[in-house]
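Peer 1: Before anything else, here's the structure in question.
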Amino acid sequence: TCLGVCGGAREERVLNNYALIWQVKDVTSNAQFGDLIEFSYPIGYSHWGVYDEDGHVIHFAVADEGRLKSMLRSYLQTVFPLCGDLLLGETRIRRQPIAEVNVPEGAHIMITNNRHARTPSSEKDMRRRRDALLDQELPYKLFSLNCEHFATYVRFGEAVCNQIPGRSKNQECEEATGVFERIVNPESPENDEKA
């Protein structure tokens, strides 16, 4: 092998893999249930999830899909290798080991609880939201129903996304909060008014 001697793309990939392994190890040894996990991509945006103990994260993931859509996704990911999993249309909220979340080269995985001006909900409320939303299929909408909306809703009870250019920071996305609330609290009279 040429590790440490000849450089090149292969060595860079190996070093990137070691960096990701250490980041996952750091997150899993320090995170607590309900912490926001950020997968910061080198192209300037992040994928978000919620820590769910035992090295797992709950997040918007690829929904079950047919062969054609899977082939299209694979092709697009080779054309745009800096994007991790491309969410096309439907997503499924999944529990997955952090180390198995598909991230692009150069991504950074970290606990990020300080980017949203909110107070965390009780662990009981976070678990109730998680339980109700787990395995739900939802449409992916970049501006109004995305992974950051999901993660912040579970942690704070309000869906917030701070990475949309031109949008105010720390503002609740009422549309996303409403979608999640109708799943978590289907019997709530407030949901009848919002429907």
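Just so you know, all these numbers are worked out from the coordinates, no wet-lab data involved. Source: prediction; values computed, not measured. Because the Cβ atoms are built from the backbone with ideal geometry, glycine has one as well, and the counts that use them run over all protein chains shown.
Peer 1: Please check which bits of the range 139-162 a label hung off residue 125 would reach, taking the label as a point 7 Å along Cα-to-C-beta and the cut-off as backbone N under 20 Å.
Peer 2: Residues 148-162 qualify, since their backbone N sits under 20 Å from the label point.
Peer 1: Can you pull out the GluC sites (Glu not before Pro) in the range 133-195 whose DSSP state is coil and whose Cβ has at most 13 other Cβ atoms within 10 Å?
Peer 2: For GluC sites (Glu not before Pro) across the range 133-195 that sit outside H, G, I, E and B with at most 13 neighbouring Cβ atoms in 10 Å, the list reads 187.
Peer 1: Something else now. Let's see if you can work this out: charge +1 on each Lys and Arg Cβ, -1 on each Asp and Glu Cβ, no other charges. What is the dipole magnitude of the range 105-145 about its Cα centre, in debye to the nearest 20? Spell out each step's value before the answer.
Peer 2: Values: 8 positive and 6 negative charges, 54 e Å.
Rounded to the nearest 20 debye, it is 260 debye.
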